[in-house]
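The values are calculated or read from the model by the stated rules, or taken from the named source; none is laboratory data. On a predicted model such as this, the values are computed, not experimentally measured, just so you know. All Cβ positions, glycine included, derive from the backbone under ideal geometry; neighbour counts span all protein chains shown. These area figures cover heavy atoms from the full protein model, side chains too; ligands, DNA and RNA do not enter into them. Shrake-Rupley method; radii C 1.70, N 1.55, O 1.52, S 1.80 Å.
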Amino acid sequence: MTRPTPITVCGVLLVLLVSACGGPEGPPPPPAGAIPAGQSIGSGTVTGRVLFEGSPPPRKPIRMAGETVCHHPDDPAMSEDIIVGPDGGLRNVFVQVSSGLGDRVFAAPSEPAVMDQQGCLFIPHLVPAQVNQIVVFKNSDPIAHNVRSVSTRNRPFNLSMSTQGRSVQRFFSEPEFVKIRCDIHAWMNAWVPVAAHPFFAVTADDGGFALPGLPAGEYTIEAWHETLGQQSGTVVVADGARHEINFTFAPRKN
C-alpha cells in the first residue's frame, strides 16, 4: 500500500480547515419539489403601512471624528435605528408572511443580496435574504473593516475586509434576524433578516410595503423592527384581490 506523502496530507487538512471555517463553499441545492425562484403561485396581494405613534425620537449624528476617512463634516451620518418620515411612516421594518404557506418549500433566488461598507456605514442598513441565498459583503472604503455576524440559529462568522474593493459571500441556512457588526468601528451595525420564502419586504420611507403573488388563503403577517419589537396580524387573501393590513409601533417604555 502506498503511504500518502506529507504534501497530500497537508492538502487534505487545508481543505478540511477551510470548510470548517465557513470557506467559499456554496449553498446546498434546493430540495426535491422546491418551487423555483420567481415562479408564481398566486395572484393575491397584501399591502399596508407601518406607522410610528407619537413624536419620533430625533436622529443623532454618528460620531466618526476619530477616523478621518469616515468623518463627514458637511453631511454627517445619522443614526438609523428609528427613522420616521414626515407623515409618520416607519422605515426599515421587515414585513413577512409568518404562517399560511403550508408545507411549501421555495428555492433561493440566484441573484445575491448585497451589503456594502461605504462611508463607514453598512449600506443598506437592512438587507433581507432568503434561506440559502448568497449574501455578498463588500468594502468600498479605503480603510480596513470587518464583518461579524451575531446569530444563534446560523453559524456565526467574522470576516476581514482589509482592503478597498474586497468582497466575500456567505449564506444563511435558517430563518433568523442576523445582526451584522464591524468591530473596528463600533457605530457600524446592520441587519440581515433571513426568511424561509420570498414573501417579505422592507418598508420604504413612507412605511409602505407590498407582498404580491400570494395564493388564496389565510395568512399571519409579521412586522419586525430592530428596536421597537414585533407585531403580527391575520388577513384572508382572495385570488386576484388586494388586501390591506397596517401596523403601528409606539416607543418602548424604559
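Numbers at a glance
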{"item": "Lys, Arg +1 and Asp, Glu -1 on Cβ, resulting dipole of the chain about Cα centre, debye, nearest 20", "result": "720 debye"}
{"item": "Largest-first principal axis extents, alpha carbons of the chain, Å", "result": "70, 54, 31"}
{"item": "Farthest toward positive dipole pole in the chain [+1 Lys/Arg, -1 Asp/Glu at C-beta], among 31, 92, 110", "result": "31"}
{"item": "Square roots of five times the Cα gyration tensor eigenvalues for segment 121-190, Å", "result": "20, 12, 11"}
{"item": "The chain, accessible area per residue, ligands and nucleic acids excluded (1.4 Å, Å²)", "result": "54 Å²"}
{"item": "Rh (Kirkwood; distinct C-alpha pairs) - segment 185-254, Å", "result": "14.4 Å"}
{"item": "Given charges at Cβ of Lys, Arg, Asp, Glu: the chain dipole, positive-most of 147, 232, 189", "result": "147"}
{"item": "Residue 99 paired with residue 114, simple spin-label distance in nm, labels 7 Å along Cα-to-beta-carbon", "result": "3.8 nm"}
{"item": "From the C-alpha gyration tensor of segment 46-123, square roots of 5λ in Å", "result": "33, 22, 8"}
{"item": "Highest to lowest packing among 52-62, 134-144, scored as the average C-beta count within 10 Å", "result": "134-144, 52-62"}
{"item": "Residue 207 long-range amide H proximity, modeled H, under 5 Å", "result": "90"}
{"item": "For segment 36-169: rounded, prolate or oblate by the Cα gyration tensor [a/c cutoff 1.5]", "result": "oblate"}
{"item": "Surface share of carbon and sulfur [accessible, 1.4 angstrom probe, percent] for segment 148-254", "result": "46 percent"}
{"item": "Extension gain (nm, one decimal) between residue 206 and residue 248, 0.36 nm per residue minus Cα-Cα", "result": "13.8 nm"}
